[in-house]
Amino acid sequence: MANVKALLFDLDGVLVSTEKNHFIAWCETARTLGISFSKEDNEALKGVNRVDSLKQILKLGNKTLSSEAFESFLVFKNKIYLDSISTLSEADLLPGVHALLRQAQSMGVKIGLGSSSKNAPMILDRLGVKRFFDVVIDGNGVTYPKPHPEVFLNGAKALGLDPSECLVFEDALSGVTAAKEGGFLSIGVGNPLLQNVADVYLNNLTEFRLEAYV
Ligand code: B16
Ligand code: MG
């Protein structure tokens, strides 16, 4: 595929390995709720926004909460998550990220973020890579969460591009589904479960050759 004009990146699990921090925070939340929650259960939450993730955990435990309690567990989870990433810095960028952002920028290829996370702006800032992004679409600005394609469609639209001119990098099944539904070429990164699902699979971003797509 040639003629690519933009790269749209997921955040957690693609640019930075914060998926493990989300997992730890959800484990603690589930434990407090008396619900057993495994690594396999967590796989279904990757890329899924905070509200839908808690709904899925409650479903696992066959539990319901009042709207006040639901809200307080969202705050509880986010506090554990934020505490666990308090020392996040540029050193936490995943392999190949910085080099690819620099290369894309120098080649005039646009760069966008398509994340479900409401913490995305703060995390980009802490990683020191905000300056590379031409557009940031995150959990604060979408109506329909992944696997709906809105987050990536909004990114392409903001850049004035067609999905066929953009690549989407994702570590989650929900995100690859969103990319495919939106008409984007999906590049699965760092999650072997995506090997037969994404259009292209990479162990990490050092394996990506931008020259082959522009
Ligand atoms: P927050 P991504 C997603 O980010 C994560 O994959 C998912 O684990 C998390 O629950 C979701 O963001 C919401 O994050 O609680 O920070 O708003 O992978 O789409 O960049
Ligand atoms: Mg992700």
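The values are calculated or read from the model by the stated rules, or taken from the named source; none is laboratory data. Not measured: the values here are computed from a predicted model. When we count neighbours, we look across all protein chains shown, and the Cβ atoms used for this are built from the backbone with ideal geometry, even at glycine. Protein only, heavy atoms only, side chains kept; ligands, DNA and RNA dropped before computing areas. Shrake-Rupley method; radii C 1.70, N 1.55, O 1.52, S 1.80 Å.
Enumerate the aspartates and glutamates that residue 157 could reach by cross-link, defined here as Cα to Cα under 20 Å, with residues fewer than 8 away along the same chain left out. Residue 157 reaches 10, 134, 138, 165, 170, 181. Rounded, prolate or oblate: which fits region 89-214, taking a ≥ b ≥ c as square roots of the Cα gyration tensor eigenvalues, rounded meaning a/c under 1.5, else prolate when a/b beats b/c? Note, shape of region 89-214 comes out rounded. Pairs of Cα atoms nearer than 8 Å and 6+ residues apart set the relative contact order; for the chain it is 28 percent.
Loop sites by DSSP among the trypsin sites (Lys or Arg not before Pro) of the chain, restricted to those with at most 16 other Cβ atoms within 10 angstrom, leave 119-208 as the longest stretch without any of them. Rolling a 1.4 Å probe over the heavy atoms of the protein chains gives region 19-84 an accessible area of 56 Å² per residue. Of interest is the spacing of the C-alpha centroids, which for region 141-214 and region 52-98 amounts to 23 Å. Here the dipole of the chain is about 260 debye; that uses its Cα centre as origin and unit charges on the Cβ of Lys and Arg (positive) and Asp and Glu (negative).
Looking at this model, which pairs from 130/180; 77/180; 39/59; 5/118; 79/110 are more than 24 angstrom apart at the alpha-carbon? Too far apart for the 24 Å limit: 130/180; 77/180; 5/118; 79/110.
For the chain, the fraction of 1.4 Å probe accessible surface lying on carbon and sulfur atoms is 52 percent.
Using the Cα centre as the reference, give the magnitude of the dipole from point charges on the C-beta atoms of region 8-91 (Lys, Arg: +1; Asp, Glu: -1; all else neutral), rounded to the nearest 20 debye.
It works out to roughly 280 debye.
Note on the chain: helix-only mean residue ellipticity at 222 nm, from DSSP H runs of 4+ residues weighted -39500 (n - 2.57) and normalised by residue number, equals -12000 deg cm²/dmol.
The smallest convex shape that holds all Cα atoms of the chain, its convex hull, gives 108 Å³ per residue.
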